[in-house]
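Please read the structure below before turning to the comments.
No value in this document is a laboratory result; all are computed from the given coordinates. No experiment lies behind these values; they were computed from the predicted model shown. Note: ideal-geometry Cβ built from the backbone for every residue, glycine included; neighbour counts use all protein chains shown.
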Amino acid sequence: QVQFVESGGGLVQPGGSLRLSCAASGSIDIIYDMGWFRQAPGKQRELVAAISGSGRRNYADSVKGRFTVSRDNTKNTVYLQINSLKPEDTAIYYCYLDRGDLRYWGQGTQVTVSS
């Protein structure tokens, strides 16, 4: 099993920044992709950013230039730096980790953008 500790969410004004962290522990031997999805109320969960074991990054078009995903393989931790936040970024952000053919999910952290 894999366990996660997510942190960094909160309430922020439009234009503000947040840094999300997700530390994984447990039965981790080879990690492929890690990254972040988000789910807004009434909407489907969508991929926000992904980073491969080699460091290759992919982003949703809606966040390119504002979000940066990174990882520390020594700590099994993935980060999401979120800048220039918009109200439409309000959602629960879930980290994930791919181990072989399995995907494991974090518990989610709420990000609310409001003035």
Could you pull the Rg and Dmax for segment 54-104, using just the Cα atoms, both in Å?
-> 12.5, 36
Hey, if you put +1 on the Cβ of every Lys and Arg and -1 on every Asp and Glu Cβ in segment 1-113, which of Y59, G16, G100 ends up farthest toward the positive end of that dipole?
-> G16
Using a ≥ b ≥ c from the Cα gyration tensor of segment 24-65 (square roots of the eigenvalues), is it rounded, prolate or oblate, where a/c under 1.5 gives rounded and otherwise the larger of a/b and b/c decides, a/b for prolate?
-> oblate
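From Cα pairs below 8 angstrom and at least 6 apart in sequence, can you work out the relative contact order of the chain, rounded to a whole percent?
Numbers: 278 pairs, mean separation 41.3, N = 115.
Relative contact order comes out at 36 percent.
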If you bin every alpha carbon distance in segment 9-115 into 5 Å steps from zero, what whole percent lands in each bin?
-> 2, 13, 25, 25, 18, 10, 5, 1, 0
